[in-house]
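Reviewing the structure listed below.
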Amino acid sequence: MKSEFKTVSVVGLGYIGLPTAATLASRGIDVIGVDVNRAAVDTINRGEAHFSEPDLDILMKSTVSVGKLRAVTEPEPADAFLIAVPTPFNKDHSADLSYVEKAARALAGVLKPGNLLILESTSPVGTTEKFCNWIAGERPDLKLPHQYPDNPDINIAYCPERILPGRMVFELVENDRIVGGITPACARQAKRLYEIFVRGTLHLTGAPTAELVKLMENAYRDVNIAFANEMSIFCEKFDLNIWEAISLANKHPRVDILSPGPGVGGHCIAVDPWFLIAGAPKETPLLRTAREVNDSKPHLVYKKVRKQIKRFRKPVVACLGLAYKPDVDDLRESPAMQIVEMLAKKGEARLMVVEPNIDKLPESISKSPHVEGCDLDRALEKADIILLLVRHKQFASVDPRKYLERVFIDTVGLWQRPVQ
Ligand SMILES: NC(=O)c1ccc[n+]([C@@H]2O[C@H](COP(=O)([O-])OP(=O)(O)OC[C@H]3O[C@@H](n4cnc5c(N)ncnc54)[C@H](O)[C@@H]3O)[C@@H](O)[C@H]2O)c1
């Protein structure tokens, strides 16, 4: 059957947009990727990804070489548009929608009747409606679905992304997705687009519900991690082993406590709950407290390390891991980074930093005279204190029994003995 989508434009070619563009192109669609970052566009047009993600390079090479995927810096006409630009938060934790607004206004100029627009950026409830208004402001000649629900010229929907870095190419295809239309017809057309590459079930709803669902998913994770973190703070006070306690509690058939850690990082779980809190501050005390508990963890780890540092004359600390989660190179909002930055700034110890997933340390710490990037063996050999910050697979082989005279601070429970 001939598809109604011959050409699809993906606006914003980052962690979400690029795998989506390459996957669509691999299904025979002509994909025009749009990104304001010229360097990223050039890299993509050479058939390479500008960040590391398993299997993405293969997909890029095969689609760019046959002309199915190409990247540009200005929007061009297409049958459908997927928008995956950043939605960070402002200083007051409200969502910064300026990237979405700029993208909407820029692509409005190339729209034509029959087009489908889908916003994928994680957004506060009501953003898709704002998105419609930005387009309407630029294109008063077009009938938009929020104003003309029965006979719009273009359809607009919201479809959040929930893929996991490290498994993006697989999960893009296999995960279920929530497709929220401004009208039911918008949702149905968006569903037809995702059917080109998604094997998971596509669940249709309204745009505001789809916006809420994405935020709720991440807030759910945040609150549950905060519970584990709060219990770890409690255990610290009473000198109890949190890992043993959780493992025993989880033997209850209806209890499943998550793992505590040095804090919550990344650009999703640490950010998205704020979009709910900012929308209804009085109605979300639990979400705010969870955020505060998780945000307090890096400071508590920092204090714990400093207490140990004071025991040594010329202390050396091996800091194992910088990424915000295991086995990725992403340092955004990383609690491990935050802890190492605080220790480097204090300058009371030599820090030997091991991050196997990056080639060079970020400037915020590499410029410090107290910081040295090195490999795992060297850090373990020299350190007085071994501070484990991320559960990278490379650290699993470390046997603490070989380093009995060192102080171990394991913030992720990797080296804890399992309960018998
Ligand atoms: N990365 C994830 O794991 C993940 C998961 C789920 C949802 N999300 C959400 O998806 C959205 C995108 O996230 P990401 O991680 O891909 O971000 P990213 O920073 O990796 O990529 C965004 C890209 O958009 C480009 N851009 C910015 N403004 C633009 C504009 N006006 N026109 C064209 N391009 C523009 C940037 O140059 C960048 O390449 C965010 O809302 C994020 O919260 C991300």
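Quick notes on this structure:
- Selection within segment 131-184 - within 14 Å of the ligand (Cβ to nearest atom) and of a type in the set (Gly, Ala, Ser): Gly166
- Evaluation of Pro149 against the conditions (1) part of a loop (DSSP other than H, G, I, E, B); (2) surrounded by fewer than 22 Cβ atoms within 10 Å (Cβ to Cβ); (3) touching a helix residue (DSSP H, G or I) at 6+ places or on another chain (Cβ under 7 Å) shows that the sole unmet condition is (3).
- Leading residue by the ranking (farthest from Ala104 (Cα to Cα)) among those in segment 51-76 that are within 16 Å of the ligand (Cβ to nearest atom) and touching a Lys or Arg at 6+ places or on another chain (Cβ under 8 Å): Pro54
- When residues of segment 368-386 are limited to those that are among the aliphatic types (A, V, I, L, M) and touching a helix residue (DSSP H, G or I) at 6+ places or on another chain (Cβ under 9 Å), the one surrounded by the fewest Cβ atoms within 10 Å (Cβ to Cβ): Leu376
- Contact map, segment 11-39: first residue modelled with pLDDT under 95, second residue aromatic (Phe, Trp, Tyr), Cβ cut-off under 8 Å, separation 6 or more or different chains; pairs are Tyr15/Phe51.
- Among the residues making up segment 9-32, those that are farther than 20 Å from Pro165 by Cα and within 15 Å of the ligand (Cβ to nearest atom) are Ser9, Val31, Ile32.
- Verdict on Glu211 being among the acidic types (Asp, Glu), surrounded by fewer than 17 Cβ atoms within 10 Å (Cβ to Cβ) and outside any loop (DSSP other than H, G, I, E, B): no
- Scan of segment 339-356 for residues that are surrounded by fewer than 20 Cβ atoms within 10 Å (Cβ to Cβ) and touching a Gly at 6+ places or on another chain (Cβ under 9 Å), ordered by number: Pro356
- One residue alone among Ala104, Ala157 is closer than 24 Å to Asn37 by Cβ, small (Gly, Ala, Ser) and either open to solvent by less than 20 Å² (accessible area, probe 1.4 Å) or touching a His at 6+ places or on another chain (Cβ under 8 Å) (or both), and that residue is Ala104.
The values are calculated or read from the model by the stated rules, or taken from the named source; none is laboratory data. The shown structure was predicted, so the numbers you read here are calculated from the model rather than taken from an experiment. Heads up, the Cβs are rebuilt from the backbone with ideal geometry, glycines too, and the neighbour counts pull from every protein chain shown. Accessible surface areas use protein heavy atoms only, side chains included; no ligands, DNA or RNA. Shrake-Rupley method; radii C 1.70, N 1.55, O 1.52, S 1.80 Å.
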